[in-house]
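The structure appears right after this line, and notes come after that.
The values are calculated or read from the model by the stated rules, or taken from the named source; none is laboratory data. These numbers come from a predicted model, not from an experiment. Don't worry about glycine lacking a Cβ; one is built from the backbone with ideal geometry, like all the others, and counts go over all protein chains shown. Keep in mind that these areas ignore ligands, DNA and RNA; they rest on the heavy atoms of the full protein, side chains included. Shrake-Rupley method; radii C 1.70, N 1.55, O 1.52, S 1.80 Å.
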Amino acid sequence: VLPTRHARLSSFALGAACIVASSAARADVIEACTSSAASGQRLARAGKLHDARASFLACIRPECPAEVKAVCDGLLSTLDKLVPTLIVGARTEDGQDLIDVRVLVDGVLVLESLDGKAISVDPGPHVLRFDHGASPSVFRTVVMRETEKDRLLSVTFARPRAEPPRSEER
């Protein structure tokens, strides 16, 4: 009788521990979801729309409470209308499109190669750097405005300068 009673108590203790752990895990999920929502709102007010979007995406995950998801989904929709986007391109001097161009925005790599798709950036001034093979880097400064969508920015790469022939010493 004692081993059976002990086994039942162990099962009860394990079940209770699972419920407590599940409740604690659920509380952690709820905290993470509401924290993401609050963080997204702070970032949006600070004009960091790109980071705010990431926070709102975190609080529309399936495990987040329905109320939090609904708020975050509405904020995400509003934010997506505000986030400016830029479409970058590059060509050779003779007008040929280039693909193998790296693009950095404010020193952060955003594209390894050009694909014709829009990239989102925060509103405000940005310095873009375009790198292509041995050609000198091309820099452009832009001021992106809220709601500005699909702004086209194309750069032209000069041909790399040929090394001047070296004179032979006699």
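Remarks
- Annotation: aspartates and glutamates with alpha-carbon distance below 20 angstrom to LYS69 (same-chain offsets under eight excluded): ASP28, GLU31, ASP51, ASP80.
- Accessible-area ranking of ILE30, ILE87, largest first, probe 1.4 Å: ILE30, ILE87
- When the range 52-130 is described by a simple charge dipole with +1 on each Lys and Arg Cβ and -1 on each Asp and Glu Cβ, the residue from ILE99, VAL71, SER113 located farthest towards its positive end is VAL71.
- At an R0 of 25 angstrom, the distance between the Cβ atoms of PHE139 and ILE99 translates into a FRET efficiency of 0.80.
- Reach of LYS117 by Cα under 24 Å, taken over lysines that are not fewer than 8 positions away in the same chain: LYS48, LYS81, LYS149
- ALA70 paired with SER154, simple spin-label distance in nm, labels 7 Å along Cα-to-beta-carbon: 4.8
- Largest first, the extents of the alpha carbon coordinates of the range 71-135 on the three principal axes equal 49, 21, 17 Å.
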